[in-house]
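Asks: The structure is given below, and queries will be raised subsequently.
The values are calculated or read from the model by the stated rules, or taken from the named source; none is laboratory data. Because the structure is predicted, anything quoted here is derived from the model rather than measured. Note that each Cβ is placed from the backbone with ideal geometry, even for glycine, and that neighbours are counted across all protein chains shown.
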Amino acid sequence: MIITKHALFRMQQRGIDENSVASTILNPDETGDSSGKRKLARKTIGDKTLEVVYIKEEDIIVITVYWLEET
């Protein structure tokens, strides 16, 4: 798994660790398509939902990560 500089910055900013990102991609509660070749994976962690945007090529490239806002 490759984590882009942008995703690392967002992880630090949002208090998200690499294990949570890996768990969301490998064992998601939901998956879907994003724009272009990008995919998204969602997983509930505690009382929040983590969303990871990534591209799967030879390796998984994590584009960004964020907590979904409750509406």
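Asks: Do we have any residue at all in region 26-38 that's polar (S, T, N, Q) and modelled with pLDDT under 95?
Replies: The answer is yes; a qualifying residue exists.
Asks: Here is a further query. I'd like the residue in region 47-60 that is under 23 Å from LYS5 (Cβ atoms) and surrounded by 16 or more Cβ atoms within 10 Å (Cβ to Cβ) and, out of all such residues, is nearest to the chain's Cα centre (by Cα).
Replies: VAL52
Asks: Also, I was wondering about something else. Regarding THR24, is this residue touching a strand residue (DSSP E or B) at 6+ places or on another chain (Cβ under 6 Å), assigned to a strand (DSSP E or B) and on the phi < 0 side of the Ramachandran plot?
Replies: no
Asks: Among the residues of region 9-21, count how many are of a type outside the set (Lys, Arg) and either touching a strand residue (DSSP E or B) at 6+ places or on another chain (Cβ under 8 Å) or surrounded by 15 or more Cβ atoms within 10 Å (Cβ to Cβ) (or both).
Replies: Matching residues across region 9-21 total 5.
Asks: Would you check if ILE63 is assigned to a strand (DSSP E or B), surrounded by 13 or more Cβ atoms within 10 Å (Cβ to Cβ), modelled with pLDDT of 95 or more and more than 10 Å from the chain's Cα centre (by Cα)?
Replies: Taking the combined requirement at face value, the residue does not satisfy it.
Asks: Could you run through region 7-21 and say how many residues are part of a helix (DSSP H, G or I), touching a residue at least 40 places away in the same chain (Cβ under 8 Å) and of a type in the set (A, V, I, L, M, F, W, C)?
Replies: So the answer is 3.
Asks: Separate question: Residues THR4, THR31, THR44: which one is surrounded by fewer than 15 Cβ atoms within 10 Å (Cβ to Cβ), touching a residue at least 40 places away in the same chain (Cβ under 8 Å) and not basic (Lys, Arg)?
Replies: When all the criteria are applied, what remains is THR4.
Asks: Just wondering, is there one or more residues in region 51-67 that are free of Cβ contacts under 8 Å to residues at least 12 places away in the same chain and aliphatic (A, V, I, L, M)?
Replies: There is no residue in region 51-67 that is free of Cβ contacts under 8 Å to residues at least 12 places away in the same chain and aliphatic (A, V, I, L, M).
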